[in-house]
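Heads up, the thing below is written out as structure tokens.
Taken together, the values in this text are just the output of simple stated rules run on the coordinates, not laboratory data. Here the structure is a predicted model, which is why all the values come from computation and not from measurement. Cβ: placed from backbone, ideal geometry, glycine included. Neighbour counts: every protein chain shown.
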Amino acid sequence: MLKPFYLAVRGVLKDEQGRFLLLQRSRDSRHQPGFWEFPGGKVDPGENFADALIREFKEETGLDIHLSSVLTAGEWEREEYKIVYLFMCVDPVGGEICLSREHDDWAWMTDARLQSANISPQLQPLRDLLLSKKDKQ
């Protein structure tokens, strides 16, 4: 049976110290409770990916952002469907961090913390890419 594909977007936000913003999924979540992830989510039918990421980032963090560049893409297979991920570099425009009920915590993660954090499996390649880019600098 062919599985349908869905598009999801994630935003990578770095602060002035080079730390990355990550959110910890709620312990009550059906999928991957307690795992750390980059803000974002699925693109709704008829929605463009830029609007979806701006919306998801605001809903999950309270922050207004704008998209600055495409970082990379990836995919993840679930039992009933596949997800194509588009990972974007984003910049803050305004607001203060205020988490949605989907998340229990947030953190600005250094490279060392990002390396050891319990990252959602589908986002581990993104984490590895971000850390490898730092190694080459």
Inset, instruction - Only Lys, Arg, Asp and Glu count, each charged at its Cβ (+1, +1, -1, -1), so figure out the dipole size of the stretch 5-135 about its Cα centre, rounded to 20 debye. - result: 280
Legend entry - Candidate lysines for bridging to Lys133, where Cα separation is under 29 Å - those fewer than 8 sequence places away on the same chain excluded: Lys14, Lys42, Lys58, Lys82
Legend entry - Neighbour-limited loop hits for chymotrypsin sites (Phe, Trp or Tyr not before Pro), the stretch 28-137 (at most 16 other Cβ within 10 Å; DSSP other than H, G, I, E, B): Tyr81
